[in-house]
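These notes are about the structure you will find just below.
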């Protein structure tokens with residue numbers, strides 16, 4: 001089950017390093033739908049503010065599955081704005097800042113493209129939250145890539161991913177065996193990822209794998225270690 005990426009209050013009110021490749025015919029549709037502008041570097045920027053909220057979205061404009069990106073950011077924006085306008089809201093203006101980073105692997109027409117959003121949200125709670133959302137696309141099949149479809153049927157990728165992620169978090173966070181087995185072997189915790197030629201990157205929202213005080217974290221697994229299991 002994909003982890004809910006928008007705070008519960010926002011969703012209730014809504015009831016909300018790399019280079020992307022060659023632009024497609026729909027390259028600016030998500031940006032246009034969100035009311036943004038595409039700069040010379042092909043980055044879309046969306047900005048809105050008033051007395052109750054401050055909202056910024058930035059992301060590469062060329063990701064192939066434009067509708068998925070537009071739907072996700074629209075949902076996030078609607079819920080966020082609704083919460084900011086609720087009577088009794090405190091600590092205004094609320095803040096929603098989603099920054100998208102593009103990654104790619106393989107050849108331009110048959111490889112993969114990934115888009116990962118790091119989302120900072122402050123809606124007046126005890127502490128702001130930072131979480132991730134990712135989109136992955138198979139250019140050869142023109143279809144989304146999920147964690148399940150990334151690997152060959154019958155393989156056990158978490159037997160490799162879990163210890164590799166633990167080792168990487170020890171290197172970056174200084175915590176030995178940071179993730180307990182019950183959490184580390186749960187595929188639900190690895191749904192947010194990106195692909196490069198030499199790594200599979202996994203992104204963990206604040207409080208998802210480590211204590212909230214650790215903030216959002218990411219870890220990488222060498223692609224060579226997963227190569228026999230990859231379906232791509």
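Just so you know, all these numbers are worked out from the coordinates, no wet-lab data involved. Quantities reported herein were computed from a predicted structural model and do not represent experimental measurements. Using ideal geometry, Cβ is built from the backbone for each residue, glycine included, and neighbour counts are taken over all protein chains shown.
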Multiply the residue gap between residue 146 and residue 75 by 0.36 nm, knock off their C-alpha separation, and tell me the result in nm, one decimal place. 23.5 nm
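Once every DSSP H run of n ≥ 4 in the chain is given -39500 (n - 2.57) and the sum is divided by its residues, what mean residue ellipticity at 222 nm do you get, rounded to the nearest 500 deg cm²/dmol? Each step should come with its number before you reach the end.
Details: 7 runs with 59 residues, N = 232.
Per the formula, -7000 deg cm²/dmol.
Stretch residue 155-residue 213 to full length: gain in nm at 0.36 nm per residue minus the Cα-Cα span? Numbers along the way, then the final one.
Numbers: separation 58, 0.36 × 58 = 20.88 nm, distance 3.43 nm.
Fully extending the segment from residue 155 to residue 213 adds 17.4 nm.
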P(r) histogram, all alpha-carbon pairs of segment 147-229 included - 10 Å bins from 0, percent: 18, 57, 23, 2
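Need one word for the chain: rounded, prolate or oblate. Basis is the Cα gyration tensor (sqrt eigenvalues a ≥ b ≥ c); a/c below 1.5 gives rounded, then a/b vs b/c decides. Provide the component values of the computation, followed by the final result.
On the way: a/c = 2.16, a/b = 1.24, b/c = 1.74.
Because a/c hits 1.5 or more and a/b fails to exceed b/c, the chain counts as oblate.
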Please give the FRET efficiency for residue 120 paired with residue 230, using the beta carbon to beta carbon distance and R0 = 22 Å, rounded to the nearest 0.05. 0.10
Those residues of segment 92-119 whose amide nitrogen sits under 14 Å from the label point placed on residue 48, 7 Å along Cα→Cβ: 94-98
State the Cα centre-to-centre distance between segment 153-232 and segment 86-107 in whole Å. 23 Å
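In µm²/s, what is D for segment 76-194 at 37 °C and 0.692 mPa s, where D = kT/(6 pi eta Rh) by Stokes-Einstein and Rh is the Kirkwood radius from Cα pairs? Intermediate values should be presented prior to the final figure.
Details: Rh = 17.2 Å.
In µm²/s, the coefficient is 191.
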